[in-house]
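Working notes, structure below.
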Amino acid sequence: MKKMILFGAAIMFAFGASAQMSLVKDLAKKASSENPMDLANVLMQIEPALDNPESAGDVLTWYTAGKAAFGLYDQLYKLKLLGQPVEDEMMNEALSAGFEFYQKALPLDSIVEVDKKTGAPKLNSDGTKKVKTKYSKDIIGALTSHMGDIANAGNVYLQNSDWANAAAAFGNYADLARSAFAIANGVAAPDSTLSQVRFFQGYSQYQIQDFANAYDSFTKARKLGYTDNNIVEFQTSALANMVQGMIDNKEYEKAMSFIDNALKADPMNGTLHDIKGFTTELQNGVDAALPFYRKAVEVDPNYANAFFDVGRCLYLQAQKIIDDNPNATNKELVPKIKPIYDEAIPYLEKAINLNPDDTKAKNVLDDILYKFEVMGVK
């Protein structure tokens, strides 16, 4: 959980759980203040209770923290509208914290009803305890009324390259935008808005190399119809980085599962077929990988790396024949390797044509032509 930095380091109190809850109840009375300094102090003083296992399990703790955070944001926003100097960073931090605190409070807001005379829990007809909510209405009201604000905060974080906070802000908006209470309150976002927010969430996650979540966000954006800003390339790159991490850990089956699931949703993505070929090559060699590289070329005739991979694999097949026959003469080798090289050359030339800076393709092609020259092949 992010620590508030509004007025410096928080004072840490070495209180037990009962003392922490006593502190929370005291701070709850101050969380309705309209004085920004008082609200900031509430946020600093409540930090130990957020980390204490017992007080952190009580809805009042998170409700009090959220109320103070949203209150601080609202008061600072009012001052800004009046032309008073206000730190935007402090405002956005308070707003982001408010979302975090209230989202943790909401699932905890289930209070068992008790009989006023006996103090015993009231029961439903099926014997389960009756529960009611105490703070949910206020929490939902604050979250939905600040949805536009958290989206704006995300834009500010994005412009400042504060990727982690941008991702969190956009995520907060997107997670609420289609929630039941957003729909009930008439603030649900249309696909066009939500898809854009999901893209920028993914873009921010991508920048901090959170590739798994970036891939998930890009996938959600595309399902909502987003097609701008090279989203397919970003989504595929995020998957490629995820897969690379799995490969580095030799988790080949896990990597292949991710790739196959991605291909089900995007079967015409040449990069995905190429990644599948690469993963297959590491496990089972060139011969097993070549069909996937060929498929990548088929579905994406402009993907240079796929053309190189086909040419490279054919080159390696020919090289294996040479290596396996160290005593063979050129006359004996040419009939075996020339057809393979003849097939590889157009792929390598296409790769170079699509990407003139591809020195690897040039080197492989040059080596084939050199071998032809040495062997007397015209």
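Rounded, prolate or oblate: which fits region 281-347 when a ≥ b ≥ c are the square roots of the eigenvalues of the alpha-carbon gyration tensor, with rounded for a/c under 1.5 and prolate only if a/b beats b/c? Walk me through the numbers before you get to the answer.
Working: a/c = 3.55, a/b = 1.83, b/c = 1.94.
Oblate, since a/c reaches 1.5 and b/c is not below a/b.
Do any of Lys220/Lys250; Lys104/Lys132; Lys331/Lys371 go past 21 Å between their Cα atoms, and which? Provide the component values of the computation, followed by the final result.
Working: Lys220/Lys250 28 Å; Lys104/Lys132 17 Å; Lys331/Lys371 13 Å.
Pairs exceeding 21 Å: Lys220/Lys250.
Percent of Cα-Cα pairs per 10 Å bin, from 0 to the last occupied bin, for region 210-367, please list those.
Reading the bins upward from 0: 11, 34, 32, 17, 6, 2, 0.
Between Ser257 and Tyr370, how many nm apart are label points set 7 Å from Cα along the C-beta direction?
Placing both labels 7 Å along Cα→Cβ, they lie 4.5 nm apart.
Can you give me the relative contact order of the chain as a percent, contacts being Cα pairs under 8 Å and 6 or more apart? List each step's numbers first, then the result.
Values: 474 pairs, mean separation 26.6, N = 378.
Relative contact order of the chain: 7 percent.
For the chain, return all DSSP H helices satisfying: extent of Cα atoms along own axis at least 15 Å; mean Kyte-Doolittle hydropathy at least 0.0.
Numbers: long enough: 17-30 (20 Å, -0.09); 36-51 (24 Å, 0.43); 59-81 (33 Å, 0.25); 88-105 (25 Å, -0.49); 147-159 (19 Å, 0.15); 163-177 (21 Å, 0.41); 191-207 (24 Å, -0.85); 211-223 (18 Å, -0.85); 231-248 (25 Å, 0.67); 252-265 (20 Å, -0.14); 270-284 (20 Å, -0.61); 286-299 (20 Å, 0.45); 304-324 (30 Å, 0.15); 330-354 (35 Å, -0.27); 359-375 (24 Å, -0.04).
Membrane-span-like by this criterion, though nothing is claimed about a membrane: 36-51, 59-81, 147-159, 163-177, 231-248, 286-299, 304-324.
Pairs of alpha-carbon atoms within less than 8 angstrom and 6+ residues apart define the contacts here; what relative contact order does region 1-145 have, in percent?
Values: 185 pairs, mean separation 29.0, N = 145.
This gives 20 percent for region 1-145.
Modelled label-to-label distance, Gln283 and Lys223, 7 Å Cα→beta-carbon offset: nm?
Going by the 7 Å Cα→Cβ label model, 2.5 nm.
What does the extension gain come out to for Ser22 and Lys250, with contour length at 0.36 nm per residue minus their alpha carbon separation?
In short, 76.9 nm is gained.
For the charge dipole of region 240-378, defined by +1 on Lys and Arg C-beta atoms and -1 on Asp and Glu C-beta atoms about the Cα centroid, which residue among Phe307, Gly245, Pro267 has the Cα displaced farthest towards the positive pole?
Highest projection toward the positive end goes to Phe307.
Of Gly154, Gly71, Gln205, which is farthest towards the positive pole of the chain's charge dipole, taken about the Cα centre with +1 and -1 on the beta-carbons of Lys, Arg and Asp, Glu respectively?
Gly71
I need the Debye-formula profile for the chain: one equal scatterer per C-alpha, no solvent, reported as log10 I(q)/I(0) at q = 0.10 1/Å, two decimals.
-0.80
Suppose the chain between Leu82 and Asn152 were pulled fully straight at 0.36 nm per residue; how much longer would it get relative to their current alpha carbon spacing?
On the way: separation 70, 0.36 × 70 = 25.20 nm, distance 1.94 nm.
That works out to 23.3 nm of additional length.
If amide H atoms are built 1.01 Å from N in the plane of the peptide, which residues on other chains or at least 5 residues away come under 5 Å of the amide H of Leu123?
Close amide H contacts, sequence-distant or interchain: Lys130.
Write down, largest first, the equivalent ellipsoid semi-axes of region 1-145 in whole Å, where each equals the square root of 5 times an eigenvalue of the alpha-carbon gyration tensor.
Numbers: eigenvalues 192, 65, 29 Å².
Gyration-tensor ellipsoid for region 1-145: 31, 18, 12 Å.
How many angstrom separate the Cα center of region 66-89 from the Cα center of region 219-235?
35 Å
What residues have an amide H closer than 5 Å to that of Tyr303, excluding those fewer than 5 places away on the same chain, when H is modeled at 1.01 Å from N in the peptide plane?
none
In debye, nearest 20: dipole of the chain around its Cα centre with unit charges on the Cβ of K, R (+) and D, E (-)? Display every interim value, and only then the final one.
Working: 38 positive and 48 negative charges, 238 e Å.
For this selection, approximately 1140 debye.
When the label point is put 7 Å from the Cα of Asn330 along its Cα-to-beta-carbon vector, which residues of region 351-378 have a backbone N closer than 15 Å?
368-378
Read-outs throughout are calculated quantities, based only on the coordinates presented, and are distinct from any laboratory measurement. Computed from a predicted structure; not experimentally measured. Note that each Cβ is placed from the backbone with ideal geometry, even for glycine, and that neighbours are counted across all protein chains shown.
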